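Below is one structure, written out as structure tokens; the observations come after it.
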Amino acid sequence: MYSYRKALIEGGKTLLHSGLTVETWGNLSLRDPESGLIYLTPSGMDYEICTEEDIVVLFPDGSISSGTRTPSVEKDLHIAVYRTRPEINAIIHTHPIYSTIFSCIGEQIPLFLDEAAQSLSAPVKVCPYALPGSKELAKACTNALSHGENACLLKSHGAVCIGRTQKEAFKAAKVLEMTAEIYWRIRAIGKMPDSLDPKDVAAMRHFALYNYGQQK
Ligand SMILES: [Zn+2]
């Protein structure tokens, strides 16, 4: 039987070894679409030693359903994103190097790669600066994800990536960082990439949502 707690513990270890964050920065959550309960990683704990008992379970209004640990400082951000995007059930917040370069200079990352069109679905916006853990940051983040986007950048901070499943959210996080690195390298040789045609983006996004992979 699927365990949200177990999936989050494994997700924490994957995050730690993904190169998408350092130390205990970054956090992740999953939502059970049946009950609406949100499973969130605890604040500041090493993902190598986290156990299923350390996971904090929240009601949709943010109050604690179970768990004795202090939830991630970005609890309000996770709650607000789930409220804004009822179809998604996984959120990953990371501090990746190349994506954060563009978050620091406040420049959005355009859609110029097929993988980004499929996984991120839209240019990646940068939210205005707000303190980590603040209600303002939660609001800015939901604004940047309110039109079907699967990723956004938090100014001078990091990235938030979402998906229907944890696998999709991780894919978005990896594709975002790959896109940011390629964008940085293109800019480093003094060039700009050509953005994809919105019609092609829509076709690839539809394919990614409904047709990609082995059909049953
Ligand atoms: Zn952070």
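Each reported figure results from applying straightforward, stated rules to the coordinates on display, with no laboratory input. Fair warning: this is a prediction, and the values are worked out from it, not measured in the lab. Quick reminder, even Gly has a Cβ in these numbers, built from the backbone with ideal geometry, and neighbours come from all protein chains shown.
Summary table below
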item: Hits among aspartates and glutamates - C-alpha to C-alpha of LYS13 under 20 Å, sequence gap 8 or more where chains match; result: GLU23, ASP46, GLU48, GLU52, GLU53, ASP54, GLU74, GLU168, GLU177
item: Cα-based helix-to-principal-axis angle, 4-17 vs the chain, degrees rounded to 10; result: 50 degrees
item: The chain, relative contact order [Cα under 8 Å, separation at least 6], %; result: 19 percent
item: Spacing of the two label points (7 Å from each Cα toward its C-beta) at GLU136 and SER156, in nm; result: 1.1 nm
item: Square roots of 5 times each gyration tensor eigenvalue, C-alpha, the chain, largest first, Å; result: 28, 19, 16
item: Net dipole in debye of the chain [+1 Lys, Arg Cβ; -1 Asp, Glu Cβ; about Cα centre; nearest 20]; result: 300 debye
item: Label-point separation, LYS13 to HIS147 (7 Å along Cα→Cβ), nm; result: 4.1 nm
item: Charge dipole of the chain about the Cα centre (unit charges at C-beta), most positive-ward option of ILE105, THR142, LEU196; result: LEU196
item: Mean ellipticity per residue at 222 nm, deg cm²/dmol - from DSSP H runs of n ≥ 4 across the chain, formula -39500 (n - 2.57); result: -12500 deg cm²/dmol
item: Alpha carbon centroid spacing (whole Å) that separates segment 45-94 from segment 137-159; result: 17 Å
item: 32 Å Cα-Cα threshold exceeded, pairs from LYS75/LYS199; LYS139/LYS199; LYS171/LYS199; result: LYS75/LYS199
